[in-house]
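Comments concern the structure below.
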Amino acid sequence: MTIFSASSTAPVNIATLKYWGKRDKLLNLPTNSSISVTLSQNDLRTLTTASCSADFDSDKLWLNGKLESLESVRSQACLADLRGLREKVEAKDESLPKLSQYKLHIVSENNFPTAAGLASSAAGFAALVSAIAKLYKLPEDMSELSKIARKGSGSACRSLFGGFVAWEMGDLENGEDSKAVEVAPLSHWPTMKAAILVVSDDKKDTPSTSGMQQTVATSDLFQHRITEVVPKRFEEMKKAILAKDFEKFAELTMKDSNSFHAVCLDSYPPIFYLNDTSKQVIKLIHRLNEQEGKTIAAYTFDAGPNAVIYYDEINEKKVLGLIYNYFSQVAGWEKYSKDVSTLDKIEVQGTNPDIYKGVSKVILTSIGNGPQETTDSLINDQGLPK
Ligand code: DP6
């Protein structure tokens, strides 16, 4: 059997200016532009192999070893767009195999637990789109491909780039100008680090898709956020990134996380993503910054209680010193290559020493690259997962 295949990896991204709200649900067109930092694929990435063959009889997806449906409107939209672009390539060169007509077998694996609530759908759709684009030898650039990934999951469009990424909301009804662009590559500010505190939580969070619909429909504060707050912050944050102004970047990041959670609370009925541990982490970071007399760390929280703490490597001894002091009993420090004894022992007043009990894992990572082509294949010569 002749099988065509290609593989790509894609990263997780964590927004520093949040996407929250859609103006078009089907096309995933946002009500505001957003900005994110792409995280290193050494710690968090999806690897996807896309294959196609005249002998396959249906489109199939295996995710972390389990057969999953590709029937969702979102997955269908991505596959239809990619096949459409392949048809254009084939129309220009009659000699090419008609891959656009073949069924696809896609195998995808994350190097981190999907359940941890770490933006796995963003990396997942970005890897799916980049692997199929490579299989189809599409000439489109990453911004063009980001529009396809966006239809899979809004935040996925930002995982097509490394470094610092903006998703420009656009204003066209068909979404053709709603795409991701690079603000600055990884090489611009390679010392940007992230410590993720995976916060244990039993309750099921409101999924982001329905949560944002609820906010758009019911929150008055949301109107203020999208018309007044975010447009200004978008420009300020890009400026802070280009100037490598950590203090400004951090302030804007924390304010935007708080603004996003405020519009969640202002939704009716209200949506709560932060739990008690999350709130204690917020206080911890503010107290650290106060004690230091300058902003050396920034927290941000997505649609769940996990904390992502950004800091510059220059302050690693202090920021990790603080985190180690309170969370040394939590798994994750084995990966820290430098000796923890070199960290400053930073304590802040008023912190509950039991705070570590609410955290199940610490992930120490940094800013990273965009999708990478790879020769690692997850598919065997029968077109099935290896
Ligand atoms: C809070 O991209 O998961 O993480 O477009 O409905 O798939 P859909 O939503 P999704 O929402 C992400 C929301 C967020 C903020 C962000 O990543 O910008």
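Laboratory data are not the source of any read-out in this text; all were calculated from the coordinates shown. Predicted model, so just to flag it, every value in this text is computed and none were measured. FYI the Cβ positions are ideal-geometry reconstructions off the backbone, even for glycines, and counts take in every protein chain you see.
Summary of values
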| item | result |
| --- | --- |
| For the range 192-366, radius of gyration divided by Kirkwood radius, i.e. Rg to Rh on alpha-carbons | 0.98 |
| Angle in degrees between helix 73-92 and the longest Cα principal axis of the chain, rounded to the nearest 10 | 50 degrees |
| Choice from A307, A243, A149 with maximal GNM fluctuation in the chain (Cα, 10 Å cutoff) | A243 |
| Dipole magnitude of the range 4-185 about its Cα centre (Cβ charges: Lys, Arg +1; Asp, Glu -1), debye to nearest 20 | 340 debye |
| Highest-fluctuation residue, D43, D93, D55 considered, GNM on the chain with Cα pairs under 10 Å | D93 |
| For V359, distant residues with modelled amide H under 5 Å away | S200 |
| Folded to 0 to 90 degrees: helix 230-242 orientation relative to the chain principal axis, Cα | 90 degrees |
| Whole-number percent relative contact order across the range 4-185, with pairs defined as alpha carbons under 8 Å at least 6 apart | 30 percent |
| Tensor-based shape of the range 280-371 (alpha-carbon gyration tensor, a/c under 1.5 rounded, otherwise prolate or oblate) | rounded |
| Residue exposure sequence - W20, W189, W333 - by fewest surrounding Cβ within 10 Å | W333, W189, W20 |
| Gain in span if fully extended, K25 to K244, counting 0.36 nm per residue against the direct Cα distance | 75.3 nm |
| Sequence of R23, R86, R150 once ranked by neighbouring C-beta atoms within 10 Å, starting from the fewest | R23, R86, R150 |
| Stretch gain in nm, segment E347-V181, where the contour uses 0.36 nm per residue and the Cα spacing is subtracted | 55.8 nm |
| Distance in nm between pseudo-label sites at E228 and A331 (7 Å out along the Cβ direction from Cα) | 4.6 nm |
| Alpha carbon convex hull of the chain, projected area averaged over orientations, nm² | 19.3 nm² |
| Full-stretch length increase - E290, S143 - with 0.36 nm per residue and alpha-carbon distance subtracted | 48.9 nm |
| Percent RCO, i.e. relative contact order, over the chain, from Cα pairs under 8 Å lying at least 6 residues apart | 24 percent |
| Rounded to 5, percent antiparallel among DSSP beta bridges of the chain | 95 percent |
| Charge-dipole axis of the range 192-366 as Lys and Arg at +1 and Asp and Glu at -1 on Cβ define it, positive-most pick from W333, V359, V263 | W333 |
| Proxy reagent accessibility, fewest Cβ within 10 Å first, across K338, K361 | K338, K361 |
| Rounded to 10°, Cα long-axis angle of helix 208-218 versus longest principal axis of the chain | 70 degrees |
